[in-house]
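One structure, as structure tokens, below. Some questions next.
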Amino acid sequence: MLNENLDDLWKVSRMVVGNLNHFEQMLLIAILSKLDKFHDSIYLINIDSAGSLDIGYKRLN
């Protein structure tokens with residue numbers, strides 16, 4: 001099944017990065033990874049959304 005859809009998967013992956021060059025793609029990955037770690041650190045505390053806003057904001061400063 002994977003082999004049958006490989007062409008479409010390749011097209012989708014190219015569309016996601018658009019016309020970014022290789023350096024820009026690597027930079028995007030680094031930035032998204034950094035944001036993911038930041039948001040995970042707040043999410044894993046497992047508090048309500050109002051509390052997570054305050055905690056997240058404090059972590060920015």
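What follows is calculated from the coordinates using simple rules that are stated; it is not laboratory data. Here the structure is a predicted model, which is why all the values come from computation and not from measurement. Virtual Cβ from ideal backbone geometry, glycine too; neighbours counted across all protein chains shown.
Compute the angle between helix 22-43 and the longest alpha-carbon principal axis of the chain, please, reported from 0 to 90 degrees and rounded to the nearest 10.
40 degrees
Helix 49-60 versus the longest principal axis of the chain: what angle, 0 to 90°, nearest 10, using Cα atoms?
Rounded to the nearest ten degrees, it is 80.
Counting Lys and Arg as +1 and Asp and Glu as -1, each charge on the Cβ, what is the dipole of the chain about the Cα centre in debye, to the nearest 20? Numbers along the way, then the final one.
Numbers: 6 positive and 8 negative charges, 61 e Å.
Magnitude of the dipole: close to 300 debye.
Note the angle between two axes, namely the Cα long axis of helix 2-17 and the longest principal axis of the Cα atoms of the chain, as a number of degrees from 0 to 90, rounded to the nearest 10.
Tilt relative to the chain: about 60 degrees.
(1) 1.01; (2) 1.06; (3) 1.65: which one is Cα Rg over 2.2 N^0.38 Å as calculated from this entry?
(3)
I want to check the label-to-label distance for LEU6 and MET26. Put each point 7 Å from Cα in the C-beta direction and report it in nm to one decimal.
With each label placed 7 Å out from Cα toward Cβ, I get 2.6 nm.
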